[in-house]
Amino acid sequence: MMTYLVVGLLGLLALTIPVGIVLFLLGFGIDAFFSAFPLMKGLGRMVWATSNSSSLIAIPFFILLGEILVRSGIARTTYSALDRWVSWMPGGLVHANIATATMFSATSGSSVATAASVSTVAMPQAKALGYDPRMFSGAIAAGGTLGIMIPPSINLIVYGFLTQSSIPQLFLAGLIPGLLLAVGFMLMTAMICAIRPNLGGPRRHFGWGERIKSLKDLVPILLLFVTIVGSIYYGIATPTEAAAVGVGGAVLIAISFGKFSWQMVTQSVVGTVKITSMIMLIVIGASFLNFTLASAGLGTKLDAFLTGLGLTPLTTLLVIVLMYVVLGMFIETLSLMVVTIPIVVPLVVALGFDVIWFGILMIVLVEMALITPPVGLNLYVVQSARGEGKIGQVMMGALPYVMVMFVMVAALIAMPEIALWLPSSLK
Amino acid sequence: MIDAVLRGIKAVNRVILIGLGVLLWGGVMIVLLDITLRLAGSSLGGTDEISGYLMAILAAWGMGYTLTALGHIRIEALRDRCGTDLKLVLDVLAIASVAVVVTLIAVKGWPVFERSWLSDSRANTPLETLLWTVQLPWFLGWAWFALVAWVQFLAALVFIVRSEKLRAFDLIGTANELNDLSDDDRSAQRGPQP
Amino acid sequence: ESLSVVGSWSSLPLYNQYEKPYWTEVLPKASNGDIAVTMTTHNQMGTAVGDVFRLLGDGVYDVAMTVGDYAVADAPALEGLDVPLVALTADQARAMVDAARPMVDEIFKEKFNSHVLAIAPYPPQVVFCNAEVKTLDDLKGKKVRGSGRMTAKFLEALGAEGVNVSFSEVPGALQKGVVNCAVTGAGSGYSAGWWEVSTHLMAIPLGGWDPVITAVNLDKWNSLTDAQRKLITDTIKKDFEDPAWAAAQTALTNDIACLTGNGPCPAGQARNMTLVEVSDADFNRAKTVLIEQVLPEWSARAGGNWGQRWSDSVGKVVGVTIK
Ligand code: NA
Ligand code: NA
């Protein structure tokens with residue numbers, strides 16, 4: 001069954017059949033070849049049950065939020081303010097890409113939405129200032145992944161939903177690892193560009209007066225973060241409702257900047273519908289595939305396999321991490337989570353690991369999956385915003401940041417407090 | 001004829017987008033209203049449930065538009081290395097598989113609606129929503145998606161038979177590639193403008 | 001013969017202590033290898049709880065079990081299986097469930113094309129509050145997270161406001177006052193740490209007993225031999241249903257001890273929630289609301305003669321007649 005899955009997945013993907021449709025086709029195959037039961041009868045029910053989800057509504061809301069930020073000009077002013085603060089380091093504007101992505105992550109629950117927003121404002125600069133396209137676009141793809149680590153986060157909502165663990169606790173746990181990753185990305189950039197300056201671009205220097213003056217441009221986005229996350233922690237809104245609060249906040253900011261228009265309302269819908277449907281087809285396909293796999297007894301088999309290896313908890317964990325790295329190359333991330341969580345998390349918890357901590361570890365691995373070829377959603381988002389050159393350049397540019405993520409995985413395993421300290425100290 | 005059909009699809013999708021826009025912004029406003037009322041000590045109740053239905057309908061109806069906008073993710077690693085004709089073969093295969101799979105989903109989605117309709121099922125919630133009222137628009141969304149996919153498939157075949165390859169690419173190719181083609185390339189090789 | 005079986009929540013004790021051992025060990029062994037079982041759970045398959053019995057009826061799998069309340073969308077009559085407050089002990093709850101069994105059998109045959117094999121209890125659904133409550137009257141005006149439709153209706157009739165919050169969000173919601181009270185099993189509340197964020201415990205089954213129904217697809221059932229059917233019917237009662245019920249009362253006593261510290265707690269450290277004693281007068285007032293308002297409404301909702309049949313069977317056992 002595993003061979004069928006891997007070969008089938010890679011084969012059908014290579015044929016350029018849309019990813020969501022491939023997942024359905026694999027599910028049909030499992031039904032036909034590996035299950036004695038008429039699973040197809042459950043197809044309609046599964047599609048309805050998966051899409052009728054009040055948690056997933058956060059996806060279109062967050063994408064809408066990003067669309068408004070870009071269209072109202074807030075994204076651009078944020079970018080140029082951060083440029084004044086961080087571009088003096090080796091690598092120049094690449095740091096502004098990472099910093100802007102980090103800032104946006106604090107208001108967006110989606111990595112795709114974050115990467116899309118940042119690309120829109122940053123990409124035009126790359127050519128104008130003569131940056132090497134690889135590192136420049138790779139940094140946006142990687143920085144964008146922080147969208148699901150720094151709260152709010154759709155993927156953490158899904159994780160909490162599937163594992164019945166507390167979403168606000170997960171959000172708190174993601175904050176420090178998210179910021180550490182951002183710092184790690186910048187260090188990696190500075191290091192590489194110190195050695196090979198031509199990979200980055202000109203270092204940019206600004207006076208303190210200019211910097212201080214630019215701070216006011218960061219106020220809107222920080223206000224938005226405080227509104228979204230604050231509304232969750234003060235019990236005003238649930239994590240999913242907070243996405244709507246964010247949209248409301250973004251609209252207010254746009255109005256106060258005099259940028260709110262009827263055109264903005266209509267244009268933002270088109271982008272939101274497109275990305276939401278694209279993601280939902282994959283999510284629904286993944287959950288149907290999962291339904292067939294569970295019916296065909298994959299959970300029991302995997303369980304037996306991992307227990308049969310007779311490994312220590314730590315080694316088992318490492319096997320699981322390795323599995324996510326490999327699967328993450330080929331499978332879209334939300335599907336990866338939906339498919340594996342019901343099988344892997346009970347096992348991990350039984351081994352004595354903390355369920356909140358593992359959620360954060362899984363998010364790092366999922367972030368990695370977003371920028372590892374051949375299937376890396378963020379790579380594609382950045383490439384489509386770039387509108388020129390080969391996708392291979394973005395892939396190359398993102399590679400150093402995958403290394404940073406590996407370091408983060410190791411750090412989380414060695415020191416679980418990185419994730420657990422904040423939620424436990426605020427309990 | 002084929003142009004008229006494609007124009008028709010485009011026009012319907014525009015209307016759908018307006019409807020989805022109303023749903024999307026309406027959803028945001030309902031949630032915000034509920035939060036405000038809650039702060040004032042009252043509540044609309046059931047917004048959670050309503051947003052679920054909204055999501056199902058939004059996703060179902062948006063998929064057909066997304067297909068015409070070449071928005072569904074495809075992995076192009078291998079396709080990039082193919083010549084024009086082989087690319088077209090892959091594109092036709094892809095759109096055919098979309099059409100077949102989505103038709104299956106729509107066919108299997110019908111009994112979901114039918115059962116709720118026949119037994120007057122109500123949601124197990126305080127709202128007691130009559131389920132078919134939300135499952136019918138959901139089902140129709142998938143049916144529309146299937147229809148769009150078949151039309152694109154057939155139209156692409158027609159273009160290929162007429163050797164209007166660029167028009168076929170426009171219809172069922174990939175978004176990245178469209179970006180790579182300069183406008184001159186396109187107008188030079190494209191058939192008559194629809 | 002091979003059976004595909006879908007259990008209830010993979011993380012709950014009923015599954016781990018009773019469902020899984022019975023289906024994967026006891027039954028295959030008792031059949032001397034004649035019956036083989038593949039088991040998963042609805043949450044591992046990612047199916048919605050409301051779909052579990054629909055898919056069973058369609059023959060997607062052979063055997064399924066879940067809380068009866070989840071299936072009431074298709075069969076409002078099923079709400080009569082789990083009426084709040086009328087059964088205070090596990091023995092009474094079992095008597096109630098046994099009396100309702102013929103009705104449940106009929107509903108499952110008609111609505112879900114399946115045959116009921118067993119009905120086992122979840123722990124009774126008690127009330128956790130983060131505000132001082134002394135009587136049921138104190139629930140008036142409070143925001144309460146309920147479970148199941150009849151419980152929600154009952155809370156509304158008592159003057160409380162029903163709020164929909166998912167299980168994992170309850171602690172946060174209690175802490176911030178998004179809800180004032182929440183209903184769940186005493187054991188689940190203990191292990192999920194609800195005692196950290198609530199102060200008062202009303203140990204009465206305001207949310208009923210959430211009975212879990214195990215059923216088999218009717219076509220599959222008819223295809224089995226008489227001997228196989230008899231084996232399953234006998235062993236599931238002896239090795240699954242009876243032990244699960246026998247443990248229910250002890251579990252409730254222990255769980256309450258764990259939450260309030262009024263006795264030894266086998267599960268770990270005892271906590272010190274305030275146990276609210278509901279007076280007889282208070283209790284009877286609430287029961288009046290139930291009998292005069294909630295049950296007649298249900299009877300109308302269910303249609304047919306379900307109300308009458310309930311009064312004649314379950315009602316007799318618990319001493320309630322729907323007017
Ligand atoms: Na975020
Ligand atoms: Na990947």
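What follows draws every value from the coordinates through simple rules; no lab data is involved. Nothing here was measured: the structure is a model prediction, and the numbers come from that model. A quick note on method: Cβ atoms are made from the backbone with ideal geometry, for glycine too, and the neighbour counts reach across all protein chains shown.
If you restrict to DSSP beta bridges whose two residues both lie in the protein assembly as shown, what percentage is antiparallel, to the nearest 5?
Counting only bridges with both partners in the protein assembly as shown, antiparallel ones make up about 55 percent.
Equivalent ellipsoid semi-axes for the protein assembly as shown, as square roots of 5 times the alpha carbon gyration tensor eigenvalues: give them largest first, rounded to whole Å.
After scaling each eigenvalue by five and taking roots: 48, 32, 27 Å.
For segment A:233-337, what does the convex hull of the Cα positions come to per residue, in cubic angstrom?
182 Å³
Under 10 °C and 1.306 mPa s, how fast does segment C:100-175 diffuse according to Stokes-Einstein, given a Kirkwood radius computed over C-alpha pairs? Answer in µm²/s, whole number.
Here the translational diffusion coefficient equals 106 µm²/s.
Write down the Kirkwood hydrodynamic radius of segment A:55-425, to one decimal in angstroms, obtained as one divided by the mean of 1/r over all alpha carbon pairs.
After inverting the mean inverse Cα-Cα distance, the result is 20.7 Å.
Highest first, please rank the peptides B:157-165, A:233-241 by the mean number of other Cβ atoms sitting within 10 Å of their residues.
A:233-241, B:157-165
Provide the descending list of Cα extents for segment C:42-158 along its principal axes, expressed in whole angstroms.
49, 32, 22
Taking the mean number of other Cβ atoms within 10 Å as a proxy for protection, how do you rank A:186-199, B:42-55 from highest to lowest?
So the peptides A:186-199, B:42-55, ranked by packing, come out B:42-55, A:186-199.
Taking every residue in C:63-76, how many Cβ atoms of other protein chains lie within 10 Å of its Cβ, on average?
That works out to 2 on average.
Please work out, to two decimal places, the log10 of the ratio I(q)/I(0) at q = 0.26, 0.29 Å⁻¹ from a Debye calculation in which every Cα of segment A:21-75 carries one identical scatterer.
-0.99, -1.07
Let me know the mean shielding of B:88-101 by other chains, meaning the per-residue number of their Cβ atoms within 10 Å of its Cβ.
4
Other chains near B:57-70: what is the mean number of their Cβ atoms within 10 Å of each residue's Cβ?
Neighbouring Cβ atoms belonging to other protein chains average 6 per residue here.
Contact order normalised by length for chain A, with contacts defined as Cα pairs under 8 Å and 6 or more residues apart; what percent is it?
Result for chain A is 25 percent.
Which values, in whole Å and largest first, are the semi-axes of the equivalent ellipsoid of segment A:164-251 obtained as the square root of 5 times each eigenvalue of the Cα gyration tensor?
They are 34, 20, 10 Å, listed from largest to smallest.
Using Cα pairs under 8 angstrom and six or more residues apart, how large is the relative contact order of segment A:296-414, in percent?
Here the relative contact order equals 26 percent.
Starting from 0 in steps of 5 Å, tell me what percent of the Cα-Cα pairs of segment A:1-136 lands in each bin.
Histogram of Cα-Cα distances, whole percents per bin: 2, 9, 14, 13, 11, 11, 10, 10, 9, 6, 4, 2, 0.
Checking the cross-link filter: which aspartates and glutamates have an alpha carbon closer than 17 Å to that of residue A:127, excluding same-chain neighbours under 8 positions apart?
Leaving aside aspartates and glutamates fewer than 8 places away in the same chain, those within reach of residue A:127 are A:83, A:388, B:180.
State, to one decimal in nm, how far the label point of residue C:289 lies from the label point of residue A:14, with both points 7 Å from Cα in the Cβ direction.
About 6.7 nm separates the two model spin labels.
Can you pull the percent of Cα pairs in segment B:2-189 with separation above 24 Å?
More than 24 Å apart: 51 percent of the Cα pairs in segment B:2-189.
What are the extents of the Cα atoms of segment C:163-223 along their three principal axes, in Å, largest first?
54, 22, 21
Please express the shape of segment A:129-185 as an equivalent ellipsoid: the semi-axes are the square roots of 5 times the eigenvalues of the C-alpha gyration tensor, given largest first in whole angstrom.
Each semi-axis is √(5λ); the values are 29, 11, 6 Å.
Mind jotting down the distance between the C-alpha centroids of segment B:1-53 and segment B:69-140, whole Å?
19 Å
Averaged over all directions, how much area does the convex hull of the C-alpha atoms of chain C cover when projected, in nm²?
15.5 nm²
How large is the helix-only mean residue ellipticity at 222 nm for the protein assembly as shown, computed as the sum of -39500 (n - 2.57) over DSSP H runs with n ≥ 4, divided by its residue count, in deg cm²/dmol to the nearest 500?
So the calculated ellipticity at 222 nm is -20500 deg cm²/dmol.
Can you return the aspartates and glutamates within cross-link range of residue C:238? Criterion is Cα-Cα under 20 Å, with same-chain partners fewer than 8 residues away left out.
C:19, C:25, C:34, C:91, C:98, C:105, C:226
Please name which of A:212, A:351, A:268 has its Cα lying farthest along the dipole of chain A towards the positive end, using unit charges on Cβ (Lys, Arg +1; Asp, Glu -1) and the Cα centre as origin.
Checking the options against the dipole of chain A, the answer is A:212.
Just tell me which lysines come within less than 16 Å, Cα to Cα, of residue C:316; anything on the same chain fewer than 8 places away is out.
Candidates past the 8-residue exclusion: C:287.
If packing is taken as the average number of other Cβ atoms within 10 Å across a peptide's residues, how do C:206-215, A:200-209 rank, most packed first?
In descending order of packing, they fall as C:206-215, A:200-209.
Have a look at segment A:206-262 and give its Rg and Dmax from the Cα atoms, expressed in angstrom.
Over segment A:206-262's Cα set, Rg and Dmax evaluate to 14.2, 42 Å.
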